[in-house]
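Shown next, in structure tokens, is the structure this report addresses.
The values are calculated or read from the model by the stated rules, or taken from the named source; none is laboratory data. As the structure is a prediction and not an experimental result, all values here were calculated from the model. The area values use the complete protein model at the heavy-atom level, side chains included, leaving out ligands, DNA and RNA. Shrake-Rupley method; radii C 1.70, N 1.55, O 1.52, S 1.80 Å.
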Amino acid sequence: MNILIAYASKSGTTRQAAEMLADLLTSHTVTLADLEKTAPVPGDFDYIVLGGPIRMGKAHKALKSYLSRFDAELCAVPHTLFLCCSIAHQFEYYTEHTFSQELRQSADEAVYFGGELDPAKQRGLDKLITRMIRSSIEQSMDEDEEAMLPGLLPEHIRMLADRLHLK
Ligand SMILES: Cc1cc2nc3c(=O)[nH]c(=O)nc-3n(C[C@H](O)[C@H](O)[C@H](O)COP(=O)(O)O)c2cc1C
């Protein structure tokens, strides 16, 4: 299969996730596309994996503009959606607010790839916001044993790769 992995990324975590997936899809022909640099035509592919990061509750601008340009064409190609974000329990909310209803309903799945909160990878205000999100999660960890600091979730990426291998 000719698979497009289209992503946007601000500080590199989503790029890392997209590259990890591309490396695992050894039985397919994969095109990795950074949506800040290119906007591939969906109809040129047999399958599309599409996503990006959430910041301040919003999807990356390059992903949003690709979605508004190609929504109908994307719905016509089999696809999986994904997001990178650090507040795991907001994943469904972000998915609903990022992708159109048609695109979500026609998707095989929407996958949570996790998200990093590393102040060392951020600058200026972003560094400060990263520290604030981290400390609010750390505070909730005291109250809730289930809570944990986020990171990329390679096992979610591997599960998606396994499913795509069977196609
Ligand atoms: C300035 C800033 C704002 C963020 N806002 C949110 C947010 O609103 N919700 C969330 O779940 N994660 C948020 N995050 C976490 C990012 O989604 C996470 O760092 C992600 O891995 C970034 O992906 P990227 O490196 O590809 O840009 C934020 C991170 C930063 C640096």
May I ask for the angle, rounded to the nearest 10°, between helix 124-143 and the longest principal axis of the chain, with both axes built from Cα atoms and the value confined to 0 to 90°?
-> 70 degrees
If one computes the Cα centroid of the stretch 1-40 and of the stretch 99-126, what distance in Å separates the two points?
-> 14 Å
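Report the Stokes-Einstein translational diffusion coefficient (µm² s⁻¹, integer) for the chain, Rh taken as the Kirkwood radius over Cα pairs, at 10 °C with viscosity 1.306 mPa s. Mind dumping the intermediate values first?
On the way: Rh = 16.3 Å.
D = 97 µm²/s.
Skip the ligands, DNA and RNA, and give the accessible area per residue of the chain with a 1.4 Å probe, whole Å².
Dividing the accessible area of the chain by its residue count gives 54 Å².
Ignoring everything except DSSP H segments at least 4 long, calculate the 222 nm mean residue ellipticity for the chain; use -39,500 (n - 2.57) per segment, divide by total residues, nearest 500. Present the calculation step by step, with values, prior to reporting the outcome.
Details: 6 runs with 73 residues, N = 167.
The helix-only estimate for the chain comes to -13500 deg cm²/dmol at 222 nm.
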Which percent of the accessible area of the chain is formed by carbon and sulfur heavy atoms (probe 1.4 angstrom)?
-> 50 percent
